[in-house]
Amino acid sequence: MINKTSAEGPGRRTALWVQGCSIRCRGCINPHLFSVSGGSLTSPAIVIESALAAGDEGLTLLGGEPLDQVEAVTNLARLAQDAGLGVICFTGYTMETIVASLPGKDLLRYVDLLIDGPYLAGAAEAERALVGSTNQRFIHLTDRYADYEPERTADQVELRILPTGEVSMAGFVTTQRLAELASALGARRSLKSSEHSSPRPI
Ligand code: SF4
């Protein structure tokens with residue numbers, strides 16, 4: 001899934017939620033992205049063209065698990081940086097694991113900010129925005145977003161009401177606030193987080 005967003009990093013961004021996650025953290029808010037079935041195929045070139053045409057600051061990769069599709073995601077990140085876009089990548093792997101044993105090392109060459117680590121249900125993050133548990137780290141691989149590590153007060157959530165009537169969400173929101181929003185919208189079915197909500201993983 002691809003959306004424009006201002007809730008997944010600095011500036012207006014193209015956000016891409018990859019389909020499929022082999023890590024499957026307990027309590028992940030995006031279990032509908034666990035299976036490799038689903039989603040839609042998109043050309044990296046089209047993603048970049050769209051981001052440039054919209055004047056986006058950058059690209060944010062979320063999941064699902066981007067490292068589970070490392071070749072395609074590396075290609076996309078490379079094209080993004082070549083086009084002058086900043087790249088943020090969430091992953092459930094730690095940086096150390098990626099460097100030691102995964103083919104994701106090449107991806108790191110094209111990422112400005114890596115937000116790493118699995119979601120740990122028993123270690124809820126209370127101070128930093130964008131991450132759901134305290135183990136998850138902001139690792140600045142370039143200077144582009146060197147000062148970016150937002151506080152929880154900077155959390156934002158975006159709601160989209162689709163032509164089908166379905167409401168989808170991007171950003172980060174507490175479970176309580178999500179219930180309030182659903183109630184205010186008169187949701188007849190539970191809000192489907194197609195993205196990143198609280199406690200936020202990737
Ligand atoms: S938090 Fe991230 S790594 Fe963990 S199961 Fe969810 S999508 Fe996968």
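The values are calculated or read from the model by the stated rules, or taken from the named source; none is laboratory data. If you're wondering where the values come from, they're calculated on a predicted model, not measured in any experiment. Reconstructed Cβ throughout: ideal geometry from the backbone, glycine too, with neighbour counts over all protein chains shown. In case anyone asks, the SASA skips ligands and DNA or RNA and just uses the protein heavy atoms, side chains included. Shrake-Rupley method; radii C 1.70, N 1.55, O 1.52, S 1.80 Å.
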- Item | GLU166 versus ILE139: modelled label distance in nm, points set 7 Å from Cα along the beta carbon direction | 3.4
- Message: Students often get this wrong: which residues of segment 94-110 have the backbone nitrogen under 17 Å from the point 7 angstrom along Cα-to-C-beta of VAL36?
- Response: 103-104
- Note on the structure: Rounded to whole Å², per residue accessible area for the chain with a 1.4 Å probe reads 48
- Report the net charge of residues surrounding SER22, where surrounding means a beta-carbon distance below 12 angstrom and charges are Lys +1, Arg +1, Asp -1, Glu -1. -1
- Message: Can you give me the orientation-averaged projected area of the convex hull built on the Cα atoms of segment 46-86, in nm²?
- Response: 2.7
- Query: Could you give the dipole magnitude of the chain about its Cα centre, charging the beta-carbon of Lys and Arg +1 and that of Asp and Glu -1, in debye to the nearest 20?
  - Reply: 600
- Item | Potential extension, ALA100-ASN75 segment - 0.36 nm per residue separation minus Cα distance | 6.9 nm
- Near the amide H of VAL157, under 5 Å away, which other amide H atoms are found, from residues 5 or more places off or on another chain, if H is placed in the peptide plane? PHE172
- How long are the semi-axes of the ellipsoid equivalent to segment 29-146, from square roots of 5 times the Cα gyration tensor eigenvalues, in whole Å, largest first? 23, 17, 15
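Taking only the Cα atoms of the chain, how large is their convex hull per residue, in Å³?
Details: hull volume 23.9 nm³, N = 202.
Taking the convex hull of the Cα positions in the chain, it is 118 Å³ per residue.
Tell me what the chain gives for mean residue ellipticity at 222 nm when only DSSP H runs of n ≥ 4 count, each as -39,500 (n - 2.57), the sum divided by the residue total, rounded to 500 deg cm²/dmol.
Values: 5 runs with 45 residues, N = 202.
That comes out to -6500 deg cm²/dmol.
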